[in-house]
Amino acid sequence: MNNEITYLGTIIRVDSSTIEIEITDQIPSSAPIINGRVYKIGQIGTFVKMPIGNISIYGIVSSVSNTPSKSDDSSIKQIIGSRFLTVQLVGEKIGDRDFEKGIGTYPTINDEVHLVTEKDLFEIYGQKDANSIEIGKHSSSENLAVFVDIHKLILRHCAILGSTGSGKSNTTVSILKAILDDYNGSRVILVDPHGEYASAFPDAKVFKINDADNPLVIPFWLMNFDELAYFLVGAKPADDAKPDYRKFRELITDLKRENHDKLKSGNVEKNSVTADSPIPFNVRKVWHEINWWLNATFSESTRDKQTSTTVQLAKDAEDNIINGNFDNLIPAEFVPYSMGTSAPYKSKHQDYYSYEKKILSRIKDSRFDFLFNPGDYKDENSKKDLHNLLNDWIGSNEKLTILDLSGVPFEVLDITIGLITRFIYDSMFWGRFEEYTGKKRPLLLAYEEAHTYLNKNDNNSYSKKAVERIFKEGRKFGVGAMVITQRPSEISETILAQVGTLIALRLTNSSDQGIVKSTAPDNLNSLIDLLPSLRIGEAVIVGESIKIPSRVRLKLNNPRPSSEDPKLVEEWSKTFEQNDENYKSVVKKIREQKI
Ligand SMILES: Nc1ncnc2c1ncn2[C@@H]1O[C@H](COP(=O)(O)OP(=O)(O)O)[C@@H](O)[C@H]1O
Ligand SMILES: [Mg+2]
């Protein structure tokens with residue numbers, strides 16, 4: 001009989017990395033006190049260790065029973081006073097070396113099993129070093145800091161999961177703060193659909209629609225042609241055979257080509273420009289041109305011959321043909337077509353009619369100004385070009401950029417996040433050999449409320465396509481990603497499959513738990529089973545960046561992210577007087593679409 005106070009019992013079954021332990025009936029208490037600390041034997045999620053020579057093998061308790069798990073012999077099941085623990089082996093420590101995940105030496109029947117003390121845990125988690133950030137404290141001990149490997153956390157990607165109110169946003173703040181505090185050259189972009197993070201990061205650079213200092217703009221000309229055709233005129237690539245779609249493509253290509261030598265970020269070869277190139281042009285010119293085709297009058301009657309060369313430009317001054325003004329959305333005017341069979345003939349390009357109307361309404365809709373009227377990035381004559389945008393977003397001294405998307409209409413949220421993601425990814429891909437970006441200065445992109453736009457059932461999602469690419473290939477070019485969501489079961493499976501570190505807070509929905517289980521390494525289901533019972537701000541962390549799967553408490557940060565919720569009780573406790581002037585300004589705003 002082993003008299004050590006940590007002695008638990010012996011191994012009675014080994015089944016690959018699952019072992020079963022019979023707890024000795026000599027144990028004086030189920031809650032021994034070691035160095036003043038109470039240890040509870042057989043708690044799910046706690047650790048045990050098996051010393052074999054100079055190796056200590058570590059495992060996590062996954063189930064507890066008063067009968068052995070695999071026995072047909074009912075007499076054994078009757079053993080009274082015995083208890084059995086099922087344990088998943090997770091790692092080993094050889095001599096004085098650091099703890100490592102994975103098992104090289106397996107224990108066998110009758111090997112001794114011991115409690116893991118706080119001292120053992122200190123040895124496992126080690127000290128903070130340049131490669132790690134502190135993520136929180138171990139749930140079993142306020143003194144025990146848990147570190148994660150920052151390289152693996154970021155570049156192998158991570159996910160923060162948990163039901164509403166479980167503490168995801170606070171966890172996000174904790175992690176980002178630790179990164180920003182510890183690493184001067186770090187850089188992070190936080191995609192913040194509800195605009196809740198600015199309050200937690202007073203030093204961050206925050207871009208927001210209509211903000212006086214840092215207005216958020218996403219120039220529409222970042223869209224490739226299919227995206228632009230869809231958002232401007234509702235056309236799909238399947239329309240490619242239609243003359244109006246082809247005309248539209250030609251027009252966009254021409255407008256972009258024309259500007260190849262007017263680029264503030266540096267001119268490009270004309271022939272390299274396609275309808276998909278991110279080259280500025282004036283969207284109002286598109287409308288003006290299409291309007292022109294629609295309303296021009298021609299000297300020829302057939303559509304084929306009604307090209308720009310046969311148009312009746314000012315025959316004489318009295319014809320009073322004016323070119324209009326694209327910037328002010330004034331259409332060109334033409335000699336009216338004649339009613340008879342002689343020239344000038346009416347335009348046969350009436351198929352442009354719907355494009356013309358749609359483009360005009362898009363341009364005039366102020367909700368879309370951040371895309372189609374993007375301030376300093378409006379067109380080729382504007383002050384700024386894409387290098388300014390990149391310097392603002394990922395090259396600034398603030399290290400953290402928050403893209404507050406709270407003012408983005410829901411119908412364009414997906415394309416907006418898609419454009420942001422693709423543009424940043426492209427800048428890292430094509431900048432991979434530069435000294436100041438790409439692999440030389442990795443970048444973290446964090447996506448809050450990810451289930452709203454990375455939905456696995458949405459096959460047409462622009463953002464999903466772009467974010468999946470980062471999860472699959474970003475690491476090679478220095479781009480890491482973090483998704484934050486309350487509905488992991490709705491998230492793209494490609495994304496979840498590439499998540500290296502899972503930070504799972506309290507999660508009550510069973511289909512969400514199922515997803516976390518299937519995403520977490522196989523033998524850790526018992527830890528995941530704890531999810532519904534975690535406390536607020538408590539997380540189970542598993543995966544590549546953490547030394548040993550752990551239950552961790554995060555600290556509550558101050559200042560906090562601001563919650564979206566109105567203060568219902570406070571507001572409903574007031575009294576309100578009716579005033580017939582009320583709602584006037586609301587209606588005006590609905591009509592003008594301006595806050
Ligand atoms: N680590 C923590 N410790 C204590 N309370 C916390 C912690 N994390 C969050 N909370 C509390 O829970 C509330 C919700 O947290 P939040 O991070 O907004 O959750 P979620 O983003 O998952 O909805 C916070 O306002 C805070 O009061
Ligand atoms: Mg939140």
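Read-outs throughout are calculated quantities, based only on the coordinates presented, and are distinct from any laboratory measurement. Everything numeric here is computed off the predicted structure, so don't read it as measured data. In this analysis, Cβ positions are derived from the backbone assuming ideal geometry, glycine residues included, and neighbour counts consider all displayed protein chains.
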In a shell of Cβ-Cβ distance under 10 Å around S277, excluding S277 itself, what net charge do Lys and Arg (+1) and Asp and Glu (-1) give? +1
If you average the C-alpha positions of segment 456-495 and of segment 90-131 separately, how far apart do those two centres end up, in angstrom? 34
Inter-centroid distance (Cα atoms) of segment 154-207 relative to segment 439-454, Å: 10
Qualifying aspartates and glutamates (Cα of each under 20 Å from Cα of K383; at least 8 residues distant if same chain): D211, D213, E258, D261, D327, D369, D392
Roughly what would the spin-label model give for E142 and E250, points 7 Å off Cα along C-beta, in nm? 7.6
Exactly which GluC sites (Glu not before Pro) in segment 1-55 are in a DSSP loop and have at most 12 other Cβ atoms within 10 Å? E4
Pairwise Cα inverse-distance average, inverted: Kirkwood Rh of segment 7-125 (Å): 14.6
For segment 338-441, with the dipole built from +1 on Lys and Arg beta-carbon atoms and -1 on Asp and Glu ones, taken about the Cα centre, which of Y355, L413, S382 lies farthest toward the positive end? Y355
Can you tell me the dipole magnitude for the chain around its Cα centre, using point charges on the Cβ only (Lys, Arg +1; Asp, Glu -1), in Debye to the nearest 20? 240
Taking Cα atoms, the helix 283-295 axis meets the longest principal axis of the chain at an angle in degrees (rounded to 10) of 40
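What is the order of R551, R246, fewest Cβ neighbours within 10 Å to most?
Exposure proxy ranking, most exposed first: R246, R551.
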Taking only C-alpha pairs under 8 Å that are 6+ residues apart, what is the relative contact order of the chain in percent? 19
Point-to-point label distance, Y353-V587, nm (Cα→Cβ direction, 7 Å offset): 3.4
Over the chain: Rg over Rh, Cα atoms, Kirkwood Rh: 1.13
Quick one: work out the % antiparallel among DSSP beta bridges in the chain, nearest 5. 70
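Let me make sure I get this right: for segment 110-182, a, b and c are the square roots of the gyration tensor eigenvalues over alpha carbons, sorted descending. Under 1.5 in a/c it's rounded, otherwise prolate if a/b > b/c, else oblate. Which is it?
Values: a/c = 2.04, a/b = 1.57, b/c = 1.30.
It comes out prolate by the Cα gyration axes.
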Estimated translational D of segment 225-364 in µm²/s (Stokes, Kirkwood radius over Cα pairs; 37 °C; 0.692 mPa s): 201
How do T341, T501 rank when sorted from fewest to most other Cβ atoms within 10 Å of their own Cβ? T341, T501
Which Cα, out of N224, N267, I546, lies furthest along the positive dipole direction of the chain (beta carbon charges, K/R +1, D/E -1)? N267
Positive-pole candidate from H114, Y39, I103, dipole of segment 7-125, charges at beta carbon: Y39
Straight-line reach from K247: which lysines fall under 18 Å, measuring Cα to Cα and dropping same-chain residues less than 8 apart? K236, K256, K285, K305, K348, K357, K358
Measuring from label point to label point, each 7 Å out along Cα→Cβ, what is the N460 to N3 span in nm? 7.8
Residue order, fewest to most surrounding Cβ atoms within 10 angstrom, among T274, T10: T274, T10
Using a/c under 1.5 as the rounded threshold, could you call segment 447-517 rounded, prolate or oblate? The axes a ≥ b ≥ c are square roots of the C-alpha gyration tensor eigenvalues, and prolate needs a/b larger than b/c, oblate otherwise. oblate
